[in-house]
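Enquirer: Here it is, the structure in full.
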Amino acid sequence: MNSFTSRALFPVISQGNEPSLQPETCMSLEDPVVEIAALRARLAQTQQQLQEAQRQLHEQARVFQAMEDLARAGYWWRIRGDHSSGSYWSPGLCHLAGFPEQEWVSCQQGRSGILPDDWSAFQDAVARMDGRDMEYRWRRPDGQVRRLRTRMCLHQTQEGTVMELGVVLDVTQGHQVAAQLREQLDFIQRIASSIPGFIYQYRIRPDGSTCIPYISDAVQELLGVSAQTVMHDLAQIEARVDASDLQRMRLTLQRAAHDLQPWQSEYRVHADDGTIRWHMTSAVPQMESDGSVLLHGYTLDMTERKRAEEEIERLAFYDALTGLPNRRLLLNRLEHTIAVCLRKQQRGALLFIDLDNFKDLNDTQGHDIGDLLLTQVAQRLVAVVRDADTVARFGGDEFVVMLDGLCADVSTATAQAETVAEKLLRALNTPYTLGAAPHYSTPSIGITLFGDERHSVDELLKRADLAMYQAKAAGRNTQRLFDPSMQAALLARSSLEADLRLGLERGELFVQYQPVVNHRGQILGAEALARWRHPERGMISPADFIPLAEQTGLILPLGRHVLRTACLQLVEWADDPQAAHLSVAVNVSARQFRQPGFVAEVLEILAETGANPRRLKVELTESMLLGDLECTIDRMEQLQHEGVGFALDDFGTGYSSLSYLKRLPLDQVKIDQSFVRDVLTDPNDAAIVRTILALAQSLDLVAVAEGVETTGQMGFLRLHGCEQFQGYLFGRPGSAQALQALLHAQP
Ligand SMILES: Nc1nc2c(ncn2[C@@H]2O[C@H](COP(=O)(O)O[C@H]3[C@@H](O)[C@H](n4cnc5c(=O)[nH]c(N)nc54)O[C@@H]3COP(=O)(O)O)[C@@H](O)[C@H]2O)c(=O)[nH]1
């Protein structure tokens, strides 16, 4: 048994030993009985005190043990050099080691759990006894391996005994946490190195100072600066951010940190090679105990995505030819601007611009030249208006300029819009360089204001469009402001369109025939002219409904109806010996002629009705010939092959060149009535008519004069070689029966 017991070190810790009597408790032995009684009393008292002390000690030991358990710690000691007795192990240390509670542990047992790899380090620490930390692994009897941290030192008691003692702490959990953290960090770093960007932590301290506690290495790739440099000097990042984005970035970051809301920002950075890249950063803020805000975030290079987005936006919202906003973007902006104008009590204006005769340029010079003109027009429009205004290509040769921020006063706003329109007119009137020779083009501009009452975008565009048509009607190359009477016209037009649709279904449209005569006044044929008797409105002029039918596509069923009626009429005349020689001319509109099934449709009607194709003449207008000439010739030739003849209507008003005329399989040219009307009074018209007649002769075409109302006109035309005539002088358009009656009345 060890003579150096725990009691000797810590006298209060006594286990079952008799308490020693204190010197003051000793008395003189005068009356042995009394003294023995006194001694017994004293002894009892001392025993009581001793029991109390033991109880307290026991309690302290329990508390101490509880604290050891709480701290996952224990201690040991032994007399230096005394290898036989082993070491005293505290209960806490026994628990850590996985031993049952025992005071004395042999040297061998006390080292039994140390893993072989840690054995030498442990031995060194024992040899040093210098109080430094050392860690070793301990395998408990149940197989569990714990990480223990110990400090050992020498201690000399008052009696001069040298003791070795040590404290032991179970740091397994700390190691596990550290390992987990390492794993997490590894994981984060693996992710960080695999994502196309860098991750970071950004701290904003309560005093406003900032730092970057962590940033992944990929910052080097994205910003050309090392993670170490950035963590040391945050300004390195800001120095690379585009100045115009920096302020916004700082502001949104501060706001997000203040509100503890996620932060996201897109900004441009200047790469070292001078290129500009787009970065997107996202971070989540977290409040720290000292009031700092720590943001955990990542930054990506989104240049390619941005480019793709821009490209998509460009394709979706911009016109590919001119680069101007397209119809969709204009509509978006218009909607927004209308709302802003209403809120700010300002006015805006829409200027609808259509290029005069653009189609002719396109048809005659080709689409490349047409495109060139459109591009130059776009540039000029942009140059005239302010940056805040929108110039959009609406489609084809139509452009729309949207002006905002005009004066609230209507007349001032009108004047402002008209001034801009004037400038646009001047700019677009300047000659264009499209080829060798300068090209002249003019626009027609319709204006409408907005901002006083809520009009839909559609409504405003209709108004501007309508005003533009008024500008066209006023002779082109001018501007017109929308006024409500135009609106009435628009409504009237819509209702006429609906009526025409219905009229076609109800058979309200019919055909009249106007005679065509030779120089002797003998009827050679007739022109079939469509007529519309409206149940309420009465007779409606073709001059009103034909253009409408062309715009709406109703010309297709209408044209078919006229053609079929005229063919049926030919069949009827074929049975009348006096009328059997008559031919009929049918007007065919451009839209009708250009529809892919036109030739088949004509042939089908001829076959169905049994009309003689040689008695049918198709009247085409000059402007129709400007399109795809080869296709036109091809169609004409297909029909000509079947015997159908062709007349060129309104000759002289269009743009036909001689080379065109020579190539077309024509039989007749019809001199427009506008030249015939003043042929006796206007030397220009007379010259034109003479030229047309000479031309027809040289091309071996029959010339038919239209709108002949007087014998004087007839005389002039005959004198210059005209062979056929049409006009009120010989007969107004009328029914087939009326024409037959005229025929029968002829000598
Ligand atoms: N595509 C189609 N167009 C058609 C069809 N039917 C008619 N039209 C075109 O409508 C325009 C107006 O036609 P309309 O009011 O019938 O006028 C024609 C004649 O009535 C008129 N005319 C004839 N002689 C005289 C005259 O002596 N004086 C005078 N002031 N007017 C006269 O001229 C018109 C014939 O024109 P045109 O066709 O150019 O020969 C008109 O452009 C028609 O073409 C149809 O079915 N389809």
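Enquirer: Considering all projection directions equally, how large on average is the shadow of the alpha-carbon convex hull of the stretch 72-176, in square nanometres?
Expert: 6.6
Enquirer: Let me ask something else. Note down the relative contact order for the chain as a percent, whole number, built from C-alpha pairs under 8 angstrom at least six residues apart.
Expert: Working: 1192 pairs, mean separation 42.6, N = 747.
Relative contact order, the chain: 6 percent.
Enquirer: Here is a further query. Which order do peptides 472-478, 193-199 fall in by mean Cβ count within 10 Å, highest first?
Expert: Output ranking for 472-478, 193-199: 193-199, 472-478.
Enquirer: Given 110, 163, 415, which one lies farthest toward the positive end of the charge dipole of the chain, if we put +1 on the Cβ of every Lys and Arg and -1 on the Cβ of every Asp and Glu?
Expert: Farthest towards the positive end: 415.
Enquirer: For residue 38 and residue 214, calculate 0.36 nm times their separation in residues minus their Cα-Cα distance, and state this gained length in nm to one decimal.
Expert: Fully extending the segment from residue 38 to residue 214 adds 55.4 nm.
Enquirer: Using unit Cβ charges (K, R positive; D, E negative) and no other charged atoms, how large, in debye to the nearest 20, is the dipole of the stretch 660-747 about its Cα centre?
Expert: 140
Enquirer: Only four residue types carry charge here, +1 at the Cβ of Lys and Arg and -1 at the Cβ of Asp and Glu. Report the dipole size of the stretch 507-745 about the Cα centre in Debye, rounded to the nearest 20.
Expert: 260
Enquirer: Once both axes come from the Cα atoms, what is the angle between helix 484-506 and the longest principal axis of the chain, in degrees from 0 to 90, rounded to 10?
Expert: 70
Enquirer: Taking the Cα-to-Cβ direction at residue 407 and at residue 492 and moving 7 Å from each Cα, how far apart do the two end points lie in nm?
Expert: Between residue 407 and residue 492, the simple spin-label model gives 3.3 nm.
Enquirer: Take the Cβ-Cβ distance between residue 57 and residue 308 as r, set R0 to 60 Å, and report the resulting FRET efficiency rounded to the nearest 0.05.
Expert: 0.15
Enquirer: Working from Cα positions, state the angle (0 to 90°, nearest 10) between the long axis of helix 116-128 and the longest principal axis of the chain.
Expert: 50
Enquirer: Could you give the size of the charge dipole of the chain about its Cα centre, using +1 on the Cβ of each K and R and -1 on the Cβ of each D and E, expressed in debye and rounded to the nearest 20? Spell out each step's value before the answer.
Expert: Details: 72 positive and 97 negative charges, 46 e Å.
Charge dipole of the chain: 220 debye, to the nearest 20.
Enquirer: Right, here's the next one. Quick one: if you stick a label point 7 Å off each Cα along the C-beta vector at residue 690 and residue 612, how many nm between them?
Expert: Label-label distance for residue 690 and residue 612, simple model: 3.9 nm.
Enquirer: Residue farthest toward the positive end of the dipole of the chain, with Cβ of Lys/Arg at +1 and Asp/Glu at -1: which of 382, 671, 261?
Expert: Comparing the listed Cα positions along the dipole, 261 ranks first.
Enquirer: Among 340-353, 525-538, how do they line up from the highest to the lowest mean number of other beta-carbon atoms within 10 Å?
Expert: The packing order, highest mean first, is 340-353, 525-538.
Enquirer: Among 442, 153, 274, whose Cα sits farthest toward the positive end of the charge dipole of the chain (+1 at Cβ of Lys/Arg, -1 at Cβ of Asp/Glu, about the Cα centre)?
Expert: 153
Enquirer: Then there's this: Just for the chain, what percent of DSSP beta bridges are antiparallel, to the closest 5?
Expert: About 80 percent, rounded to the nearest 5.
Enquirer: Hey, could you pull the Cα Rg and Dmax for the chain, both in Å?
Expert: 54.3, 192
Enquirer: With each label point set 7 Å from Cα along the Cα-Cβ vector, what nm distance links residue 121 and residue 551?
Expert: 9.4
Enquirer: If you don't mind, there's one more thing I want to ask. Figure the gain on full extension for residue 177 and residue 316 (residue separation times 0.36 nm, minus the Cα-Cα span) and round it to one decimal in nm.
Expert: Details: separation 139, 0.36 × 139 = 50.04 nm, distance 5.41 nm.
Once the chain is fully extended between residue 177 and residue 316, it gains 44.6 nm.
Enquirer: So between residue 188 and residue 575, what do we pick up on full extension, going 0.36 nm a residue minus the alpha carbon distance?
Expert: Extra length from residue 188 to residue 575 when fully extended: 129.5 nm.
Enquirer: How high is the FRET efficiency from residue 628 to residue 375, r the C-beta distance, R0 35 Å, rounded to 0.05?
Expert: My answer for the efficiency is 0.90.
Bear in mind that the values in this text are calculations on the coordinates, not laboratory data. Just so it is clear, the structure is predicted and the values come from calculations on it, not from any experiment. Because the Cβ atoms are built from the backbone with ideal geometry, glycine has one as well, and the counts that use them run over all protein chains shown.
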